[in-house]
Amino acid sequence: MPRWRIPLRAPMALAAAGLLLSGCANPSVGSADDDPTKPVTLKFWHGWSAPGEVKAINNSIARFEKLHPNIRVESTGNVTDATINQALRAGGDEAPDVVTSFTTNNVGQYCDSGMWADLDPFMRKSGLDKSKVFPKTLLDYTSYEGDQCALPLLADAYGMYYNKDAFKEAGISRPPRTMSEFEADARKLTKRAGNSYRRVGFMPNFRLYQNSPDRLFAQWGPTYFDAKGDSRLAKDPSTYKFFDTAHKLVEAQGGYNALERFRTSFGDEMSTQNAFMSGKLAMHLDGEWRGLMMNEAKVGFDWGVAPLPVPDDQAETYGRGYLTGTVAGIAHSSRHQNAAWELVKFLTSDTDQVVSFANAIHNVPSTFAALKSPKLDADPTFRTFLGIAQNKYSQVMPPSTNGGMYVTSLQDFSYSVEAGKVHDLKKGLRELDRQIDADTLQSKS
Amino acid sequence: MALTLSNPARRRLRTLGFLSPWLIGFSAFFAYPLIATVYFSFMHYNQIQKPDFVGLRNWKYVFEQMPLFGPALWNTLWLVVVMVALRVVFGLSLGLLITKIKTGAGFFRTAFYLPYLAPPVAATVAFVFLLNPSTGPVNEVLAHVGITGPNWFNDANWAKPSLVMLSLWGIGDLMVIFMAALLDVPKEQYEAAELDGAGAWSKFRYVTWPSITPIVMFAVVTGVVQTMQYYTQALVAGKIASGVSIGPGSVIQPGYPDHSTLTVPQLVYSMGFQNFNTGAACVLSLVLFAIAMAVTMLLMRKRSGLLAAED
């Protein structure tokens, strides 16, 4: 081979690789050119897995198929966000058309990346005025920078479950409403047993089940980002008060290490060995679905539900809580987007559907009409969560382009704070802000 | 038209034909992924939209702004040094012991090899259960003899040693390799050494060790490469020990507790497939690749030196 050809080999190979790579880097693109009245089979992926939940969603699908005889729905349950993410990025015929997520944390990422299709054009086509159907808070957590790529499919509200028998035994007449009452009650309700515990008043450690710091922090009503989108946790006085209260709760009940050791003995959250259900905790932060589980398990004590306490200087906000929920959307790669919209529209905005599904799985309805429906479950514990969901001070997490990455950063930082590894909170929070901003910038084009 | 080829061209084609399975495998599973990784390390790419060229931004992000990169790299290197060294020492010791056993050798070989057959996830789950600080049998036994057991997988100082213990439990693969090497050492050399008055240590130092050096080097090199990719056990142990519920909407945060079990491969997965930050994930992969290559080359040169010295 003549020598003059040799220098061309590497550039040619690289150019070929580049062409190949740019070809591989284009995931399949869907379309909204389909006729929703023509026969079609939709693939619907969701996260419900408990038998009662699966039965409820299958009933919903059966109702939908009756209303739309030309649309058949192939439903797949117990699917995680990670699986959906991979499937939508890979595309292909096996990828889902309609998807759900059990967290609102990732909505910003879904919208900003275009992974979930923008639903506004579909709503315009079908004359659905979203502001008249869905509460604003819920619309906020299903959109990002004006892109409504998801709609709420039932909401979750967080409140406090408490053991009435334990309260009676400790001489406490009602659930605490302020953080100082919370701390005092937690101390009274804690029962030591040697080096460990028989019962903890309230387990404040952030790794317990649903105790992620953002949920408890919602009681202070923090503002995570400023108008420019920069993280402002170090500038928000509520951040310091939140960590101070968490620290006081820990100290009042024996310290972080002792509580953490007790926590590792707890059973699975979604089983009857759940620490609150087995009597190891007297007060417990959890979502509205727990009530149904408590009833089904017939726990051996009397229990009640109340909103979580609020800071002493914000007593007027009592009744607030952390809100999140399941969201539904259409995959960007779906080639049946108009038919998929019919399913999303039915699941999220049909009042009868929303009410019956909410009753069946004990989740908070996500439309104005369903929230006012007389058919809604009248169980008083469930109604407490409806109150939290409708409280004007209740808080959702703001969407971000990189999904829940800033929540993860806050969680990591909070783990260090509770373990006593952060000696200068202000400095640590400034670094956390810088980190969140750097991560956000890195995720943008 | 008949194609006429000269003899050298025909020879070259034949050679290429024989080489083609390797060439295809090499191109598809090594060259292409490597070129792709380099390419995407300079791109902003979320696996949905088209990649955008961003220069060195991903590299700067990893080295200057990613706080988890340092702990992940430290943990990976810690595991490489401690786990590989202990695995080689433990595997060799076990091999030496078992080759000496005259009665019931088959039983012991099977007993020590069996744990290696346990699927990594199942083995890890069992270990987390055994080492549970509050309810695990290990701490209960320790308590009976007056020792307060550590928090094992729940303590940042003990989590990595716990993973090392888990890997030593599944040492069966190395044990078998060392046994084969040890049984292959010519018996005449031992007899000659004995005639020269060599004791047990001298026999090991001057007969056994030179004979098994290539196998030790093989164990070290493959151990380093495997440990550089350490992922499943650390992820599973952290996830289960943390007790944090993993539901359809939740994301597994690797590294529990306090990032003490976070390894670079876990960070690659987290960046690439949870945050869809493909560029940063590619940078991390390339750093890992570079370190693995450097360590392997160093070890190979060391091995060449040893072999040359023996000659």
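Quick check on segment B:60-75: of everything there that is more than 14 Å from chain A (Cβ to nearest Cβ) and in contact with a helix residue (DSSP H, G or I) (Cβ under 9 Å, 6 or more places away or on another chain), which residue is most open to solvent (accessible area, probe 1.4 Å)?
So, considering only residues that are more than 14 Å from chain A (Cβ to nearest Cβ) and in contact with a helix residue (DSSP H, G or I) (Cβ under 9 Å, 6 or more places away or on another chain), the one most open to solvent (accessible area, probe 1.4 Å) is B:Leu73.
Quick one: would you say A:Asn58 is of a type outside the set (Phe, Trp, Tyr) and either at pLDDT 90 or above or open to solvent by 30 Å² or more (accessible area, probe 1.4 Å) (or both)?
It is true that A:Asn58 is of a type outside the set (Phe, Trp, Tyr) and either at pLDDT 90 or above or open to solvent by 30 Å² or more (accessible area, probe 1.4 Å) (or both).
Scan (1) in contact (Cβ under 8 Å) with a residue 12 or more places away in the chain; (2) within 14 Å of another protein chain (Cβ to nearest Cβ); (3) among the small types (Gly, Ala, Ser) for the single condition A:Ser126 breaks and write down its number.
Checking A:Ser126 against (1) in contact (Cβ under 8 Å) with a residue 12 or more places away in the chain; (2) within 14 Å of another protein chain (Cβ to nearest Cβ); (3) among the small types (Gly, Ala, Ser), the one that fails is (2).
Is it the case that segment B:284-303 has a residue that's at pLDDT 95 or above, within 14 Å of another protein chain (Cβ to nearest Cβ), part of a helix (DSSP H, G or I) and in contact with a helix residue (DSSP H, G or I) (Cβ under 9 Å, 6 or more places away or on another chain)?
yes
Being away from chain B (no Cβ under 14 Å) and crowded, with 24+ Cβ neighbours inside 10 Å narrows it down to one of A:Phe385, A:Phe368, so name that one.
Being away from chain B (no Cβ under 14 Å) and crowded, with 24+ Cβ neighbours inside 10 Å holds for just one of A:Phe385, A:Phe368, which is A:Phe385.
At pLDDT 95 or above and small (Gly, Ala, Ser): is that true of A:Gly428 in this structure?
Judged against the criteria, A:Gly428 is a match.
Please state which of the following conditions A:Glu342 fails to meet, knowing it meets all the rest: (1) of a type outside the set (A, V, I, L, M); (2) under 26 Å from A:Trp303 (Cβ atoms); (3) open to solvent by 10 Å² or more (accessible area, probe 1.4 Å); (4) not in a loop (DSSP other than H, G, I, E, B).
(2)
Give me a count of the residues in segment B:41-59 that are within 11 Å of chain A (Cβ to nearest Cβ) and among the hydroxyl-bearing types (Ser, Thr, Tyr).
1
Among the residues in segment A:229-244, are any modelled with pLDDT under 95 and open to solvent by 10 Å² or more (accessible area, probe 1.4 Å)?
Yes, that holds for at least one residue.
Residue-wise test of (1) over 30 Å from B:Phe53 (Cβ atoms); (2) open to solvent by less than 50 Å² (accessible area, probe 1.4 Å); (3) modelled with pLDDT of 85 or more.
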{"position": "A:Leu8", "(1), (2), (3)": "no, no, no"}
{"position": "A:Met12", "(1), (2), (3)": "no, no, no"}
{"position": "A:Leu19", "(1), (2), (3)": "no, no, no"}
{"position": "A:Ser22", "(1), (2), (3)": "no, yes, no"}
{"position": "A:Val29", "(1), (2), (3)": "no, no, no"}
{"position": "A:Asn70", "(1), (2), (3)": "yes, yes, yes"}
{"position": "A:Gly77", "(1), (2), (3)": "yes, yes, yes"}
{"position": "A:Glu94", "(1), (2), (3)": "yes, no, yes"}
{"position": "A:Tyr110", "(1), (2), (3)": "no, yes, yes"}
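Under 7 Å between Cβ atoms, at least 6 apart or on separate chains: pull out the pairs that start in segment A:93-107 with a residue that is more than 14 Å from chain B (Cβ to nearest Cβ) and end on any residue that is in a loop (DSSP other than H, G, I, E, B).
A:Asp97/A:Ser334; A:Asp97/A:His336
Mind checking which residues of segment A:289-321 are polar (S, T, N, Q) and under 15 Å from A:Phe382 (Cα atoms)?
A:Asn295
When you check B:Thr37 against the structure, is it in contact (Cβ under 8 Å) with a residue 24 or more places away in the chain and of a type in the set (Ser, Thr, Tyr), yes or no?
Criteria met by B:Thr37.
Among the residues of segment B:76-94, are any within 14 Å of chain A (Cβ to nearest Cβ), surrounded by fewer than 18 Cβ atoms within 10 Å (Cβ to Cβ), free of Cβ contacts under 8 Å to residues at least 40 places away in the same chain and part of a helix (DSSP H, G or I)?
No, segment B:76-94 contains no residue that is within 14 Å of chain A (Cβ to nearest Cβ), surrounded by fewer than 18 Cβ atoms within 10 Å (Cβ to Cβ), free of Cβ contacts under 8 Å to residues at least 40 places away in the same chain and part of a helix (DSSP H, G or I).
Does segment B:120-142 include one or more residues that are loosely packed, with under 15 Cβ neighbours inside 10 Å, modelled with pLDDT under 95 and among the hydroxyl-bearing types (Ser, Thr, Tyr)?
Among the residues of segment B:120-142, at least one is loosely packed, with under 15 Cβ neighbours inside 10 Å, modelled with pLDDT under 95 and among the hydroxyl-bearing types (Ser, Thr, Tyr), which makes the answer yes.
Based on what the data block shows, is A:Phe262 hydrophobic (A, V, I, L, M, F, W, C) and over 25 Å from B:Phe153 (Cα atoms)?
No.
When both residues are 6+ apart or on different chains and their Cβ atoms are under 7 Å apart, which pairs have a first residue that lies in segment A:112-123 and is at positive phi, and a second that is among the β-branched types (Val, Ile, Thr) and open to solvent by 10 Å² or more (accessible area, probe 1.4 Å)?
A:Gly114/B:Ile48
When B:Ala198 is evaluated against the numbered criteria (1) buried (at least 16 other Cβ atoms within 10 Å of the Cβ); (2) in a helix (DSSP H, G or I); (3) of a type outside the set (Val, Ile, Thr), which criterion, by number, is the only one it fails?
Failing condition for B:Ala198: (2).
Among the numbered conditions (1) of a type in the set (Phe, Trp, Tyr); (2) over 27 Å from A:Thr317 (Cα atoms); (3) within 14 Å of chain B (Cβ to nearest Cβ), tell me where A:Tyr141 comes up short.
The number of the failed condition is (2).
Being within 20 Å of A:Phe262 (Cβ to Cβ) and in a loop (DSSP other than H, G, I, E, B) is the filter; apply it to segment A:165-206 and report the residue that is modelled with the lowest pLDDT.
A:Asn195
Could you tell me how many of the residues in segment A:144-157 are within 14 Å of chain B (Cβ to nearest Cβ) and either over 17 Å from the mean Cα position of the chain (by Cα) or outside any loop (DSSP other than H, G, I, E, B) (or both)?
Result for segment A:144-157: 7.
In segment A:415-434, which residues are without any contact (Cβ under 8 Å) to a residue 40 or more places away in the chain, open to solvent by less than 80 Å² (accessible area, probe 1.4 Å) and within 11 Å of another protein chain (Cβ to nearest Cβ)?
The one that is without any contact (Cβ under 8 Å) to a residue 40 or more places away in the chain, open to solvent by less than 80 Å² (accessible area, probe 1.4 Å) and within 11 Å of another protein chain (Cβ to nearest Cβ): A:Ser416.
Working only within segment A:271-328, note down all residues that are in a loop (DSSP other than H, G, I, E, B), within 22 Å of A:Asn359 (Cβ to Cβ) and over 24 Å from the mean Cα position of the chain (by Cα).
A:Lys298, A:Val299
Can you give me the number of residues within segment A:164-222 that are closer than 15 Å to A:Leu281 by Cα, in contact with a strand residue (DSSP E or B) (Cβ under 9 Å, 6 or more places away or on another chain), within 14 Å of chain B (Cβ to nearest Cβ) and open to solvent by less than 10 Å² (accessible area, probe 1.4 Å)?
4
Just for helices (runs of 4 or more DSSP H) wholly inside segment A:350-445: which have at least 2 residues that are among the charged types (D, E, K, R)?
A:405-418, A:425-443
Can you go through B:Met179, B:Met217, B:Met175 and tell me which one is among the aliphatic types (A, V, I, L, M), more than 27 Å from B:Ala111 (Cβ to Cβ) and touching a residue at least 60 places away in the same chain (Cβ under 8 Å)?
Going through B:Met179, B:Met217, B:Met175 in turn, the sole match is B:Met217.
So A:Tyr406 ticks every box in (1) surrounded by 24 or more Cβ atoms within 10 Å (Cβ to Cβ); (2) away from every other protein chain (no Cβ under 14 Å); (3) of a type in the set (Phe, Trp, Tyr) but one. Which box is left unticked?
Every condition holds for A:Tyr406 apart from (2).
So for segment B:17-30 (the condition being within 14 Å of chain A (Cβ to nearest Cβ), farther than 27 Å from A:Leu441 by Cα and open to solvent by 70 Å² or more (accessible area, probe 1.4 Å)), does at least one residue qualify?
yes
The values are calculated or read from the model by the stated rules, or taken from the named source; none is laboratory data. As the structure is a computational prediction, the values presented were derived from the model and not from experiment. Note: ideal-geometry Cβ built from the backbone for every residue, glycine included; neighbour counts use all protein chains shown. The protein model used for the area step is the full one, side chains on, heavy atoms only, and it has no ligands, DNA or RNA in it. Shrake-Rupley method; radii C 1.70, N 1.55, O 1.52, S 1.80 Å.
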